[in-house]
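Beneath this line is the structure, given in structure tokens, with notes to follow.
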Amino acid sequence: MNNQRPPQRIPLRERLTGAALYAPMFLSRALPYRWRIPAAGWLTSRVLAPLAGYNKRVRQNLAHACPEIDKAQAKRLSLEVTDNAGRNMMELYSPEFRDHVRRTPVEGPGLPFIEKARAEGRPILFVTGHFGSINATRVAMIEMGFPMGVFYRPMANRPFNAHYVDAMARISEPLFEQGRRGMLQMVKRLRSGGCVGILSDLNAHDGVPLDFFGKPALTSLATAEMALKYGTPLVPVWAVREANGLDFRIIVEQEIPASDAVTMTRAFNTRLETMIRQHMGQWFWIHRRWKDGTGPLADRGARHLAVLEGTPED
């Protein structure tokens, strides 16, 4: 009996949109890599992001989280943030990217720990955020002998998502798509002593309100819960873009001590915030990180948080 589903028919409009999204990535390969990446950053920050309203959103998020920043500085940071976003996307679709960053230096106080864990055959859960370049991190860690499987959220446009997944796979595999199947695959990899990378800085509808830049932000506890459940060290790792805009350095922090999911997630938020404050233009301030920090979802999350911390609300 054949249990395979028939292929889904994709409407012409969606296919055309996917082609339009991918075309600039493909056509830009005519440019040398050293020109292509900064050109993508400039085009994104000066043309595409303003049209999409992303520069404005960055400034709004900065005003919410960092009211001490003046308008001139916020405007400059909005250009840096969207420039970094454009560079990231073009790097992902550039065949030369992996060779360019494979010798990226890896440093930080967590290096001895992860090397010991690898020698012992222990799994490692690398946790990071939309900061610098997660893809540079993947390449550098693989070169060091830590093949990092990645949990990812698929793109809404299916034809473009196919290109996106192919580009991600060229950097490293396995890839775990968000959902039940991807979660099971990721757990299996951890149980076998493998490495997995997760980005844990999105607005999470099923999360709890935890402070981030002094403001409540719905935050998922799932990464810390997974680390505790499977006895996996939780190790923050960051890729910082260098001043030349093309190179990186990778920083491996000390593991977050195992305690409980709330304490560990708060620790991650604190470490991420510390890193962002050192490189404000390298975090993806375009995300609606604080969107549901207050309101019905936050109230529900606060009740769950109170139960977890043993202080149920009246």
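The values are calculated or read from the model by the stated rules, or taken from the named source; none is laboratory data. None of these values were measured; they are calculated from a predicted model. Note that we place each Cβ from the backbone using ideal geometry, even for glycine, and neighbour counts take in every protein chain shown. Keep in mind that these areas ignore ligands, DNA and RNA; they rest on the heavy atoms of the full protein, side chains included. Shrake-Rupley method; radii C 1.70, N 1.55, O 1.52, S 1.80 Å.
For the range 98-122, what are the residues that are over 15 Å from residue 252 (Cβ atoms) and either in contact with a Phe, Trp or Tyr (Cβ under 7 Å, 6 or more places away or on another chain) or open to solvent by less than 20 Å² (accessible area, probe 1.4 Å) (or both)?
100, 101, listed by residue number.
Looking only at the range 264-274, decide whether some residue is free of Cβ contacts under 8 Å to residues at least 40 places away in the same chain and among the hydrophobic types (A, V, I, L, M, F, W, C).
yes
Can you list the strands (runs of 3 or more DSSP E) lying wholly within the range 198-314 that have 2 or more residues being modelled with pLDDT of 95 or more, open to solvent by 10 Å² or more (accessible area, probe 1.4 Å) and not small (Gly, Ala, Ser)?
208-212, 215-219, 248-252
Looking only at the range 39-68, how many residues end up being buried (at least 18 other Cβ atoms within 10 Å of the Cβ), farther than 30 Å from residue 216 by Cα and of a type outside the set (A, V, I, L, M, F, W, C)?
1
Is there any pair with a first residue in the range 239-256 that is closer than 19 Å to residue 89 by Cβ and a second that is part of a strand (DSSP E or B) and open to solvent by 30 Å² or more (accessible area, probe 1.4 Å) whose Cβ atoms are under 9 Å apart and which are 6 or more apart or on different chains, and what are they?
Listed pairs, sorted by first residue: 239/249; 240/249; 241/249; 242/249.
Output the residues belonging to the range 136-145 that are of a type outside the set (A, V, I, L, M) and either crowded, with 23+ Cβ neighbours inside 10 Å or more than 20 Å from residue 111 (Cβ to Cβ) (or both).
If the condition is that a residue be of a type outside the set (A, V, I, L, M) and either crowded, with 23+ Cβ neighbours inside 10 Å or more than 20 Å from residue 111 (Cβ to Cβ) (or both), then 137, 138 are the ones that fit.
So residue 131 clears everything in (1) within 18 Å of the chain's Cα centre (by Cα); (2) more than 27 Å from residue 85 (Cα to Cα) except one condition, right? Which one?
Looking at each condition in turn, residue 131 falls short on (2).
Which members of the range 1-19 meet the condition of being at pLDDT 80 or above, in a helix (DSSP H, G or I) and either among the small types (Gly, Ala, Ser) or out of contact with any helix residue (DSSP H, G or I) (no Cβ under 6 Å at 6 or more places or on another chain) (or both)?
Matches in the range 1-19: 12, 13, 14, 16, 17, 19.
Exactly one condition in (1) under 23 Å from residue 118 (Cα atoms); (2) without any contact (Cβ under 8 Å) to a residue 40 or more places away in the chain; (3) of a type outside the set (Val, Ile, Thr) is false for residue 224; which is it?
Result: residue 224 passes all but (2).
Hey, residue 14 hits all of (1) open to solvent by less than 30 Å² (accessible area, probe 1.4 Å); (2) over 25 Å from the mean Cα position of the chain (by Cα) but one; which does it fall short on?
(1)
If I filter the range 190-201 for residues that are closer than 24 Å to residue 99 by Cβ, touching a Lys or Arg at 6+ places or on another chain (Cβ under 8 Å) and among the aliphatic types (A, V, I, L, M), do I get at least one hit?
No, the range 190-201 has no match at all.
Evaluate the range 277-296: report whether one residue or more is among the small types (Gly, Ala, Ser) and farther than 17 Å from residue 200 by Cα.
Taking every residue of the range 277-296 in turn, at least one turns out to be among the small types (Gly, Ala, Ser) and farther than 17 Å from residue 200 by Cα.
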